[in-house]
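Notes follow once the structure below has been shown.
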């Protein structure tokens, strides 16, 4: 199948403002892009691209006084298969994990393993290690947290989500991946496109989505605590320890969001 993705995001700025953006499709999906992905700024200011420490593609620009509109589009080949399911996937002992995965066991900006460790072990200590445990965590978070855009707050942490029992997709992911880390399972935050493909359309404007990946049996597997079912058509943009590592935009000065539109649609055959 082919999926058409894109965005149009407008920021107002009272003065020239340096920015870092993370809006490109992830390197792991570059080979699936048909033709090329385009990311432009209006007014036409240059964007310089680089790779961060997580291998995400980032862009640098200076938004002019008055603001900037960022536009992107691409067509992406996709297998049309839902997220992989592997109930036999085993949890690796911590002393057998590769060195570069240890940071995905540690606390990060939004994921306070120290505050949630006792809770995690009381909830999931008797579950079978591996796939069954991650699935139990995902299902618990899905049932424990109520979704709603009115519950979004940029300062909300995993512990806040557990106590408040509400949030948006990033909050579901933060709580689930924190529980995984508490149980010795490396877990990382993911952001990207996920349109309403293979399901009835949701009655909300389209948005980027947040989910998480857990490291089992020597590879990363996708889990989604908000939806808790395998989905079709995810297109990864960035991964990191939590949402702080994959912010869509970071401005070094005052800016105001004026427009935010995202598209992720299956292209008719």
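Selection within segment 7-36: residues that are buried (at least 19 other Cβ atoms within 10 Å of the Cβ) and in a strand (DSSP E or B). The member of this set that is farthest from the chain's Cα centre (by Cα) is 17.
Residue-by-condition table, conditions (1) over 10 Å from the mean Cα position of the chain (by Cα); (2) free of Cβ contacts under 8 Å to residues at least 40 places away in the same chain; (3) under 27 Å from residue 93 (Cα atoms):
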| position | (1), (2), (3) |
| --- | --- |
| 159 | yes, no, yes |
| 170 | no, no, no |
| 173 | no, no, yes |
| 176 | yes, no, yes |
| 181 | yes, no, yes |
| 184 | yes, no, yes |
| 195 | yes, no, no |
| 230 | yes, no, yes |
| 238 | no, no, yes |
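Taken as a whole, the condition of being under 29 Å from residue 182 (Cα atoms), surrounded by 14 or more Cβ atoms within 10 Å (Cβ to Cβ), outside the structural domain of residue 165 (by TED's automatic domain parsing) and in contact with a strand residue (DSSP E or B) (Cβ under 7 Å, 6 or more places away or on another chain) applies to residue 56.
The C-beta contact set for segment 14-39 (first residue outside the structural domain of residue 190 (by TED's automatic domain parsing), second residue surrounded by 14 or more Cβ atoms within 10 Å (Cβ to Cβ) and assigned to a helix (DSSP H, G or I), distance under 7 angstrom, 6+ apart or interchain) comprises 22/246.
Annotation note: of 216, 257, the sole residue that is more than 14 Å from the chain's Cα centre (by Cα) and crowded, with 21+ Cβ neighbours inside 10 Å is 216.
For every residue, the table says whether it meets (1) surrounded by 15 or more Cβ atoms within 10 Å (Cβ to Cβ); (2) in contact with a helix residue (DSSP H, G or I) (Cβ under 8 Å, 6 or more places away or on another chain); (3) in a helix (DSSP H, G or I); (4) not assigned by TED's automatic domain parsing to the domain that holds residue 16.
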site: 66; (1), (2), (3), (4): no, no, no, no
site: 69; (1), (2), (3), (4): yes, no, no, no
site: 72; (1), (2), (3), (4): yes, no, no, no
site: 76; (1), (2), (3), (4): yes, yes, no, no
site: 88; (1), (2), (3), (4): no, yes, no, yes
site: 100; (1), (2), (3), (4): no, no, yes, yes
site: 104; (1), (2), (3), (4): yes, yes, yes, yes
site: 116; (1), (2), (3), (4): yes, yes, yes, yes
site: 121; (1), (2), (3), (4): no, yes, yes, yes
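Okay, residues lined up against (1) touching a residue at least 12 places away in the same chain (Cβ under 8 Å); (2) farther than 16 Å from residue 224 by Cα:
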site	(1), (2)
68	yes, yes
77	yes, yes
84	yes, no
100	no, yes
105	yes, yes
122	no, yes
132	yes, no
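Could you grab me the full set of residues in segment 123-138 that are farther than 15 Å from residue 161 by Cα and assigned to a helix (DSSP H, G or I)? Within segment 123-138, 123, 124, 131, 132, 133, 134, 135, 136 meet the criteria.
Among the residues of segment 228-247, the ones that are over 12 Å from residue 83 (Cα atoms) and surrounded by fewer than 19 Cβ atoms within 10 Å (Cβ to Cβ) come to 2 in all. Checking each residue of segment 38-47 against the condition of being farther than 20 Å from residue 20 by Cβ, assigned to a strand (DSSP E or B) and out of contact with any helix residue (DSSP H, G or I) (no Cβ under 8 Å at 6 or more places or on another chain) gives no match.
The values are calculated or read from the model by the stated rules, or taken from the named source; none is laboratory data. These numbers come from a predicted model, not from an experiment. So basically every Cβ, Gly included, is an ideal-geometry build from the backbone, and we count neighbours across all protein chains shown.
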